[in-house]
Amino acid sequence: MMRSVCPNVGKSRGVNMGRIDKGAKCSVSGCGTEAVRSLSGEKVRAAGLKVGNEKRAYLCKVHYKEYKKKTKKDKLYEKWRYSA
Ligand SMILES: [Zn+2]
């Protein structure tokens, strides 16, 4: 039986986890879509997303997904290196 982990599991219902200002725009350069999440700019930059130098980075749905993907990958990578 396949019980794989669905990547969409956390499809947030409430949305109000990382409170953001209404109408905030995604900080990724060239995006400008409505943001759904605000994160530390440092973290976002570390994940390889192109945001400005502000302390706070706003991410739209798409870029937040990308951010999560990247950070997940990093973790996986770390695990790898440790177990290798
Ligand atoms: Zn975006």
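The values are calculated or read from the model by the stated rules, or taken from the named source; none is laboratory data. Please read these numbers as outputs of a predicted model, since none were measured by experiment. Note: ideal-geometry Cβ built from the backbone for every residue, glycine included; neighbour counts use all protein chains shown. Side chains included, ligands, DNA and RNA excluded: accessible areas come from the protein's heavy atoms. Shrake-Rupley method; radii C 1.70, N 1.55, O 1.52, S 1.80 Å.
General remarks:
- Scanning the stretch 48-61 for residues that are within 13 Å of the ligand (Cβ to nearest atom) and under 18 Å from THR71 (Cβ atoms) returns LEU49, LYS50, VAL51, ALA57, TYR58, LEU59, CYS60, LYS61.
- The C-beta contact set for the stretch 37-59 (first residue over 24 Å from LYS22 (Cβ atoms), second residue among the charged types (D, E, K, R), distance under 7 angstrom, 6+ apart or interchain) comprises ALA47/LYS70; GLY48/LYS70.
- Residues that are away from the ligand (no atom under 13 Å from the Cβ) and open to solvent by less than 50 Å² (accessible area, probe 1.4 Å), drawn from the stretch 26-46: SER40, GLY41
- Scanning the stretch 15-62 for residues that are among the aliphatic types (A, V, I, L, M) and within 20 Å of LYS73 (Cβ to Cβ) yields a total of 10.
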